[in-house]
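Inspection log for the structure reproduced underneath, given as structure tokens.
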Amino acid sequence: MSLESVADLVDVPLNELKLFWPDAEALLYDSLRHHGEQIEVWRRQLLLDETLTPPQKLLARYKVLNEQVRQSRYPGCLFIAACSFYPDRESPIHQLAEQQKTASFNYTLSLLQEMGSDDPEMVAHQMELILEGCLSRLLVKRQLHDVEVASRLAEDVLNVARCREHGALS
């Protein structure tokens with residue numbers, strides 16, 4: 001989306017918009033930063049919610065993603081797309097997207113550690129791969145079914161991790 005189309009969409013003269021964002025890349029950066037802050041607030045709220053267990057907190061992202069996709073919204077996909085469109089690791093947009101991925105991984109890892117999961121780093125990598133795969137598919141196909149499949153797969157990974165934790169797969 002161009003800066004001109006954003007100006008038209010929000011009914012603000014382009015020259016006024018350029019006072020805050022000189023180009024589309026600056027607008028994208030601020031949009032990603034804002035979206036990342038929204039996600040971080042949501043994560044913190046979940047972590048503080050004492051009515052949910054760690055596994056429920058881990059799977060809650062799929063419930064929210066399901067609700068958002070039903071409204072034709074695709075949160076998280078922006079960060080996946082940003083890494084693709086800005087592959088240079090030195091790009092501020094790529095770095096911001098990578099920070100979001102790191103924050104997601106750390107959220108997952110901390111909850112797995114709280115659960116006492118066997119090999120929490122490996123399980124966190126598996127769960128993040130599922131989430132990123134789901135978001136990547138949503139970028140292309142935009143199908144709710146992919147969220148449901150990813151949620152079930154993440155739940156299966158958690159169940160296998162719990163079995164390992166209790167020696168059932170040894």
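None of the figures in this text is laboratory data; all of them are computed from the coordinates on show. As the structure is a computational prediction, the values presented were derived from the model and not from experiment. Reconstructed Cβ throughout: ideal geometry from the backbone, glycine too, with neighbour counts over all protein chains shown.
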Condition met for Glu90 (among the acidic types (Asp, Glu), farther than 24 Å from Leu48 by Cα and surrounded by 14 or more Cβ atoms within 10 Å (Cβ to Cβ)): no
Picking from Ser104, Ser72, Ser84, Ser117, which residue would you name as being among the polar types (S, T, N, Q), under 21 Å from His35 (Cβ atoms) and buried (at least 17 other Cβ atoms within 10 Å of the Cβ)? Ser104
Identify the single condition in (1) acidic (Asp, Glu); (2) outside any helix (DSSP H, G or I); (3) crowded, with 18+ Cβ neighbours inside 10 Å that Glu128 does not satisfy, given that it satisfies every other one. (2)
From Asp156, Asp119, Asp146, residue being more than 17 Å from the chain's Cα centre (by Cα) and free of Cβ contacts under 8 Å to residues at least 40 places away in the same chain: Asp156
